[in-house]
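To start, the structure itself, in structure tokens.
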Amino acid sequence: MRRHFLVTFPMIVLLSILLCSAVQADLLTGLPDVTVVDDAIVSLRYAGTEYVVANGDLTLGTTTRWYIAAGGVATLWAEGDPAPAATVSGTSDPKTGDVGSHADNFLLRLGGVTNISSLDGIDFQQTIFPIPVDTIFVFERGGNDSGTVQAILVDDSLGTALTLTKSADPYANTGVNVGGQNAFGYVLTTDVPVKGMRITVSGHDALSISAIPEPATIALLGLGGLTLLRRRRS
């Protein structure tokens, strides 16, 4: 009984911190500092810390694209399905080849072709990470589209809508050319750990979306692993 308490109690404390802590409002800031080699992101620097892809410092999620047709129902545009009729004006028609999963890697180009998840003609995309996060990095082609970015909370509700303004902050020019346009970076930081982010920005072309695993979550998962290990040995 005592051994079980010593393992379970710290997990409860960490879970409480994970779900209840709040230090600041959700925020969008610029991210200009990235190192790219052979069209792939090697590392990025944010808030004085370098995050190296090869070291596993960043985690990727799963990105899907959605449109809102007549009736107001958000509908998943599954990869491989025919393009829907445009539900948002002012951009090009929906692109079948620029799928959500193209944002789920560290590649800016693949085989000489820009590797993007495009929101041309449709309403939004969302990225869900395998564990809670509180810092999400986005690299976008051009930095010339306006709309909103929101955290997706652990209960599937949406956080505060934060504004992206074309050719202005928080888009930050990385100086890296991708198919004739530079890549622009921005960061979503959240006041509590979240499961992902929604981007509602007509014309937005996401090159890569990644995140820093939330430290309390890593510790919690580590304790869970210790618990399983102790049970197997007992």
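Descriptive notes on the structure:
- Modelled label positions at THR62 and ASN173, each set 7 Å beyond Cα in the direction of Cβ, lie 3.8 nm from each other.
- Amide H to amide H distances under 5 Å link VAL201 with GLN125, THR148, where only residues 5 or more positions off or on other chains count and H is placed in the peptide plane.
- Residues TYR171, TYR46, sorted so that the one with the fewest Cβ neighbours within 10 Å comes first: TYR46, TYR171
- Take the Cα radius of gyration of region 23-214 and divide it by 2.2 N^0.38 Å, N being the number of residues; the result is 0.95.
- Per-residue Cβ neighbour rank within 10 angstrom, fewest leading, ASP104, ASP156: ASP156, ASP104
- By the count of other C-beta atoms within 10 Å, a proxy for reagent exposure, HIS204, HIS102 are ordered fewest to most as HIS102, HIS204.
We did not get these values from a lab; they are worked out from the coordinates using the rules stated. Since we're looking at a predicted model, the values are computed, not measured. All Cβ positions, glycine included, derive from the backbone under ideal geometry; neighbour counts span all protein chains shown.
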